[in-house]
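Structure, as structure tokens:
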Amino acid sequence: MGILSSSVASVSTNPPSVSFTISTLTPNAQAIRAASTMVVHLLDAGDLALAQVFATPGSVRFGENMQWGRLKTGEPYLHDVATRLRCHYVGHIDVGESIVIAAEVDDIHHAESHALPLVYTNRAFHVFHEFPLTVTTT
């Protein structure tokens, strides 16, 4: 099972924690809410095709054509994603047609990558470019 969440956020650094939202209309919503552990993959621009697979309802997420494996603890993970977080479930809040999941990070895998971050906004995927900020003070 796998979902794509467009709203992964850092919650705390001590202990390291994240949150993400899923739609209650997603067929896997209840299974994810009931999971004791999960792997959160942080996608970059090189993962656009992968993001599109996970965003498409009914697509095969961990099939023969996908490069994936299982951690020693049993959770599925994607081989080609540079950063993944193995987390354990802390709690959830139901908000309208969404579920906000909170999870503490147990392990971090980070491979060197120079790809720019992938973000989802305005109903489309975008590559996040670094822009210089000019701050003026008076």
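Quick check: at a probe of 1.4 Å, how many percent of the accessible area of the chain sits on carbon and sulfur atoms?
On the way: 5040 of 9160 Å².
Roughly 55 percent of what the probe reaches on the chain is carbon or sulfur.
With every protein chain left in place, what is the accessible area per residue of the stretch 87-131 in square angstrom, probe 1.4 Å?
Numbers: 3350 Å² over 45 residues.
That works out to 74 Å² for each residue.
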Integer Hz, Karplus 6.51/-1.76/1.60 couplings in order for the stretch 55-70, x for Gly and Pro:
7, 8, x, x, 6, 7, 8, 10, x, 5, 8, 10, 7, 8, x, 10
Mind checking the per residue accessible area of the stretch 21-71 for me, 1.4 Å probe, whole number of Å²?
58 Å²
Using modelled amide H (1.01 Å from N, peptide plane; none on Pro or chain starts), what sits under 5 Å from the amide H of L4, excluding residues fewer than 5 places away?
none
Taking 0.36 nm per residue of separation between Y89 and A102 and subtracting their Cα-Cα distance, the length gained on full extension comes to 4.0 nm
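Rounded, prolate or oblate: which one fits the stretch 1-57, using the alpha carbon gyration tensor with axes a ≥ b ≥ c (rounded when a/c is under 1.5, else prolate when a/b beats b/c, else oblate)?
On the way: a/c = 2.11, a/b = 1.15, b/c = 1.84.
Oblate.
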Need one number: nm distance between label points at V8 and S23, each 7 Å from Cα along Cα→Cβ, rounded to one decimal.
2.0 nm
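The values are calculated or read from the model by the stated rules, or taken from the named source; none is laboratory data. No experiment lies behind these values; they were computed from the predicted model shown. Here the Cβ is made from the backbone with ideal geometry for all residues, glycine too, and neighbour counts use every protein chain on show. The accessibility values were calculated without ligands, DNA or RNA, using every heavy atom of the protein model including side chains. Shrake-Rupley method; radii C 1.70, N 1.55, O 1.52, S 1.80 Å.
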